[in-house]
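**Q** Below is one structure. I have some questions about it.
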Amino acid sequence: GMAGGGLPPELLLAPRAAWVVLLGLTGAWVGKHLGGVALGAGDGADTARLFNWHPVLMTLAYGGLMTEGLLAFRGHPLVVVFAGPQDQRAAAKRLHGALHGLSAACIALGLLAVFQSHNLKRPKPIPNLYSAHSFLGLAAVALFGLQALAGFWAYALQAASPERRRALLPVHRALGYCAWALGIVALATGIQEKQGFSMGDDPYAPSVRIAGLVLLALAATFVTTSLVVLLPGFRTTGDQGGAAKKGQLLDNGGAAA
């Protein structure tokens with residue numbers, strides 16, 4: 001129930017529906033309209049299918065895995081279903097760490113794909129890091145990397161004292177949200193850039209239109225996830241008497257961190 005005006009649990013379904021549609025549309029766009037993916041560069045004359053791993057992996061990282069990582073402390077289904085009432089907080093932290101570890105792997109492979117597809121292109125390699133999207137993407141990856149290292153150091157290794165961890169938590173939470181949001185913006189500029197390249201052939205082609213739908217799903221993912229993460233309803237369930245047991249899972253001021 002919605003004790004004390006908390007958020008309806010159905011709201012937790014919205015970001016999941018949005019990112020599943022986002023990944024589905026991205027897969028359809030890349031698979032059907034951009035020629036699919038390939039691991040090698042062949043003879044290097046056309047490295048487009050090697051490049052295509054880049055949008056797939058980056059959307060999976062920022063749109064799917066990292067989105068779930070942000071939602072790990074908000075009554076995540078995996079935590080609620082599989083962890084006992086006493087272990088919810090620890091389980092949420094493990095899930096949060098694992099999802100960001102998977103995100104990091106996808107980001108590394110996604111960067112490898114774009115650099116390799118540029119460098120292996122024949123007869124002339126494509127330059128790296130020339131566009132607004134490149135610079136924004138690097139900023140998003142850098143902020144994610146700093147967040148991941150700081151989080152791993154302070155919370156997984158527990159190298160910081162409990163007081164320091166408590167003090168760091170609001171900073172970690174705010175910067176983490178910014179790192180994810182920056183990634184969403186970088187995805188949007190990348191989709192726009194790729195759409196611009198496809199427009200060269202036919203500005204009204206279905207491949208141009210589906211890119212618009214991908215952006216719409218990205219916007220839906222951003223809005224629904226932000227609502228769940230930023231609205232206080234899920235976080236404060238623990239302060240409302242009846243649901244106090246659940247409070248350990250949620251970040252009541254970081255006291256349990």
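The values are calculated or read from the model by the stated rules, or taken from the named source; none is laboratory data. The structure presented is a predicted model; accordingly, all values stated were derived computationally and were not measured. Positions of Cβ are generated from backbone atoms using ideal geometry, with glycine treated the same way; all protein chains shown enter the neighbour counts. Please note that ligands, DNA and RNA were not included when accessible areas were found on the heavy atoms of the full protein model with its side chains. Shrake-Rupley method; radii C 1.70, N 1.55, O 1.52, S 1.80 Å.
**Q** What percentage of the solvent-accessible surface of the chain, computed with a 1.4 Å probe over protein heavy atoms, is contributed by carbon and sulfur atoms?
**A** Ligands and nucleic acids excluded, carbon and sulfur give 71 percent.
**Q** Using the crude model of +1 on Lys and Arg Cβ and -1 on Asp and Glu Cβ, and no other charge, please compute the dipole size for the chain relative to its Cα centre, in debye to 20.
**A** Roughly 420 debye for the chain.
**Q** Using a Gaussian network model of the chain whose springs link C-alpha atoms within less than 10 Å, name the residue from LEU129, LEU25, LEU71 with the highest mean-square fluctuation.
**A** Checking each option, the largest mean-square fluctuation is seen for LEU129.
**Q** Given (1) 59, 46, 38; (2) 62, 44, 37; (3) 66, 38, 29 as candidate values of Cα extents along the principal axes in Å, which corresponds to the one derived from the coordinates?
**A** Only one listed value fits the structure, namely (3).
**Q** With Cβ to Cβ distances under 13 Å as the rule, what net charge do the other residues near ALA150 carry (K, R +1; D, E -1)?
**A** Cβ neighbours under 13 Å give a net charge of +3.
**Q** Further question on the same structure: Using the Cα centre of the chain as origin and beta-carbon charges of +1 (Lys, Arg) and -1 (Asp, Glu), tell me which of ALA179, LEU218, ALA159 is placed farthest towards the positive end of the dipole.
**A** Checked the options; the winner is ALA159.
**Q** Let me confirm the definition first: pairs of Lys residues in the chain, 8 or more apart or on different chains, C-alpha distance under 24 Å. How many are there?
**A** 6
**Q** Have a look at GLY42, LEU120, GLY97 and report the one farthest towards the positive end of the charge dipole of the range 1-122, computed about the Cα centre with Cβ charges (Lys/Arg +1, Asp/Glu -1).
**A** Going by the charge dipole, the pick is LEU120.
**Q** Sort the following peptides by mean Cβ neighbour count (other Cβ atoms within 10 Å, averaged over residues), highest first: 78-85, 17-24, 190-197.
**A** Taking the mean over residues of other Cβ atoms within 10 Å, the ranking is 17-24, 190-197, 78-85.
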